[in-house]
1. Give a quick list of trypsin sites (Lys or Arg not before Pro) in region 117-173 that DSSP marks as loop, anything other than H, G, I, E or B, with at most 15 other Cβ atoms within 10 Å.
2. Add -39500 (n - 2.57) for each DSSP H run of 4 or more in the chain, then divide by its residues: what number comes out at 222 nm, to the nearest 500 deg cm²/dmol?
3. Is the shape of region 134-181 rounded, prolate or oblate, going by the alpha carbon gyration tensor and its root eigenvalues a ≥ b ≥ c, with a/c under 1.5 for rounded and a/b larger than b/c for prolate?
4. Where only protein heavy atoms count, and the probe is 1.4 Å, what is the accessible area per residue for region 116-183 in Å²?
5. Take the Cβ-Cβ distance between Y30 and S209 as r, set R0 to 22 Å, and report the resulting FRET efficiency rounded to the nearest 0.05.
6. Could you tell me which of G124, H182, H155 has its Cα farthest along the dipole of the chain towards the positive end, charges placed at Cβ (Lys, Arg +1; Asp, Glu -1), taken about the Cα centre?
7. Per residue, what volume in Å³ does the Cα convex hull of the chain take up?
8. Would you work out the charge dipole size for region 73-211 about its Cα centre, treating the Cβ of every Lys and Arg as +1 and the Cβ of every Asp and Glu as -1, and quote it to the nearest 20 debye?
Amino acid sequence: MHRTGHGCDPESWSWRTADRYRSRMLEPSYPLTTARMTLRPYEIGDLAALHDLFGREDVSRYLMWEPMDLDQTRTLLERRVRQTRIEAEGDAILLAAVDAETGRMVGEFMLRFTSAKSRQGEIGWSIHPDVQGRGLATEGAREMLRLGFDELGLHRIVAESDQRNAASLRVMERLEMRREAHFIENEFLKGEWVGSIVCAMLEAEWRQSAG
């Protein structure tokens, strides 16, 4: 609260800050590009590719839902095509990841605005098994961190993973996100108790790593 020396108390400053972030809108200039991918809003024509991703048992294993049939995927896609900007706390941006070389949709990336008052966010990702092991998840997740810190002005961003999902945990390590919590059997998922791991990065840490 370094601004308290400028004639405003911490409580009033925090409320003004929260109001400023509640009214702030993030609508990136699409598409976003990384070294090997284009991240763009979903389109209705992505139905088959999205079903090829979330209709798979090996993709949905660590997610909250079972493999989706075509109708369930269509319902998801109808929601995804609208998730292109952040206007208020709780909003999320969900982007289709397209391989720049082949033009194939290979996954999705997410940035969620979780707290206006505390400037908190969350990132997430899903990558098709055919292209796993190439560092694409790390590449896309890093772009979500950039979006959150540089464009939305977040203070802290978290990522959470099923403790059994070794691939996602490696992505968090490569991003240099700090492991903050290991929850033991905190979810009953698909017939069994599972734990989760939460990693996080602060804006200052992002600036240091980017520099």
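1. K117, R134, R164
2. -9000 deg cm²/dmol
3. Here region 134-181 falls in the oblate category.
4. Using a 1.4 Å probe on heavy atoms only, each residue of region 116-183 averages 43 Å².
5. Working: r = 25 Å, r/R0 = 1.14.
With a Förster radius of 22 Å, E is 0.30.
6. H155
7. Measuring per residue, one finds 135 Å³ for the Cα hull of the chain.
8. Computed charge dipole of region 73-211: roughly 120 debye.
The values are calculated or read from the model by the stated rules, or taken from the named source; none is laboratory data. Just so you know, these numbers come straight off a predicted model, no measurement behind them. Ideal geometry is used to build each Cβ from the backbone, glycine not excepted, and the neighbour counts take in all protein chains shown. Note: areas computed on protein heavy atoms with side chains; ligands, DNA, RNA excluded. Shrake-Rupley method; radii C 1.70, N 1.55, O 1.52, S 1.80 Å.
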